1. How do 163-171, 250-258, 114-122 rank on mean C-beta neighbours within 10 Å, highest first?
2. What is the gain in length, in nm to one decimal, between residue 151 and residue 266 on full extension, counting 0.36 nm per residue of separation less the C-alpha to C-alpha distance?
3. Over all directions, what mean area does the Cα convex hull of the range 257-299 project, stated in square nanometres?
4. Considering only C-alpha atoms, what is the centroid distance from the range 143-164 to the range 87-126, in Å?
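A short reminder: the numbers here are calculations on the coordinates, not readings from a lab. Keep in mind that this is a model prediction, so the values were computed, not measured. Don't worry about glycine lacking a Cβ; one is built from the backbone with ideal geometry, like all the others, and counts go over all protein chains shown.
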Amino acid sequence: MGRLTAQLAVFRPVLGYSPIHPRTTTKVALLIHRKAHRIAGPGDSNVTTLRAGGCSDRGPVRRTNEDALFIDETLGLLIVADGMGGHAAGEVASRLAVEAVVGFIRRTHEDPEQSWPYGVDSTLSFNANRLRTAVHLANRRVFREAESHDDYTGMGTTIVAALVLDNLLSIAHVGDSRMYYASNSELVQLTRDDSWAARVLVQPAAAASAEPHPMRNVLTNVLGARDSTDIHIQERPIAPGDLFLLCTDGLHGSLDDKAIQSVLTAQGTAERTAEALVRTAIERGSRDNVTALVALCAE
């Protein structure tokens, strides 16, 4: 994050993570998952295969990586988080948020009759409600940890998480980590940043200003800053050929839509595409941690 430092989070095996350590020579760490996940609803003949890969780099300036990413084909779960805070607190915040989301999604995968401490939204599917509750729990986990340790005061994290199941994509996000849909003809930003820039600079007068505003990178909503937070949830159907990107601001802050679309649609594997996106962002001047997670829905 442009707000503090970086290194790819080391995940706990008890949650099904594989420990990932940054390479001492390249600073690039890849999260490669070779198992394909079949996605289908009961009796649904439309079966797709999810292929996903991710890459995270601390960048040329930051000493550690406060970004975190997670992929699990069996769960159909994709997560990118971008932490912030002093004394390595950003790294802690992003890791705790990912752990909390994965924990609840895993528990409800194994036993759907779990308690729902944040209620159920009747307008959402079962899986979207799972994701909504998981992110609420992540907020509570980060907030409580920050309250109990002086070194963690003020820590928080962005998050963008996707659950790809039953031919439906459920998305939850907080902050300015983004999710995109890409095709050969278009790149669509599916999430809207929780930032001062997104709220104010969309106004014609502000957008026309040539001067960069000192508050343009200020976030208006993050996980862990308070005991409750606004979580944006959406759902959309998926189909074979759909291509998605989850990323932190270290990437989308350095690459415009045209550059992102060009790399995304270059017909490489998901993990190689993620690596190319991160490398391109750094080559074009990103001074932040940079993380990209690419997912393709194939037949």
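1. 163-171, 250-258, 114-122
2. Full-extension gain reported as 37.0 nm.
3. 3.2 nm²
4. 13 Å
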